[in-house]
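Working notes, beginning with the structure itself.
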Amino acid sequence: MQKGTQRGWRGYGNNALGDMSVVAGGDANSANSLSSAVGGGSNNVAGGQFSAIPGGAHNFAGDYSLAAGQQAHADHRGSFVWGDSRDTTVSTTANDQFIARASGGVKFFTDSAMTHGVYLDPESGCWLSVETGEPCGGGGDLALYQQDADTNSFDATKSWGAI
């Protein structure tokens, strides 16, 4: 095949302009760079190489990035941005960043039964234990630990203190 011929798009007003790029559906979506993809939604731009937007509206993904939801902008390399249904933009500020706007709260589980983990209530700044509902880390303090360069692990005895 000639360069630029492995492209595809469906839906209305979509463009797959990058080599080996695809827009699966939706309207007014663009996959503009090498191996970029938009699954669907509306007004999304997978503008960086190897970028992806599974769906949503008004999202942008740069090089090696993923953006999903509403107005999620992964403007920096290697970033992942989730935007909830709010009609305001959430954007990265640096390379290799994970940013999520979840105005309804956030939960992370560390077991398949979903009984162990942490959560942030809406408009909260303190992680709480799923098991107890109590603040994690002794009163909600977040401790910073130094990474051991030799073992590439974190050592709780080399703490910089709580923040």
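Only one entry in G62, G25, G83 is out of contact with any Phe, Trp or Tyr (no Cβ under 7 Å at 6 or more places or on another chain), modelled with pLDDT under 95 and of a type in the set (G, A, S), namely G25. Screening A94 on (1) part of a loop (DSSP other than H, G, I, E, B); (2) of a type in the set (A, V, I, L, M, F, W, C); (3) under 11 Å from I53 (Cβ atoms) shows it passes everything except condition (3).
From the list S103, S124, which residue is hydroxyl-bearing (S, T, Y), surrounded by 11 or more Cβ atoms within 10 Å (Cβ to Cβ), over 28 Å from R77 (Cβ atoms) and free of Cβ contacts under 8 Å to residues at least 24 places away in the same chain? Explain how you work it out, then say what you get.
Values: S103 fails: over 28 Å from R77 (Cβ atoms).
S124 is the lone residue from the list that is hydroxyl-bearing (S, T, Y), surrounded by 11 or more Cβ atoms within 10 Å (Cβ to Cβ), over 28 Å from R77 (Cβ atoms) and free of Cβ contacts under 8 Å to residues at least 24 places away in the same chain.
Here S85 meets the list (1) on the phi < 0 side of the Ramachandran plot; (2) part of a strand (DSSP E or B) almost entirely, failing just condition (2).
The values are calculated or read from the model by the stated rules, or taken from the named source; none is laboratory data. Quantities reported herein were computed from a predicted structural model and do not represent experimental measurements. A quick note on method: Cβ atoms are made from the backbone with ideal geometry, for glycine too, and the neighbour counts reach across all protein chains shown.
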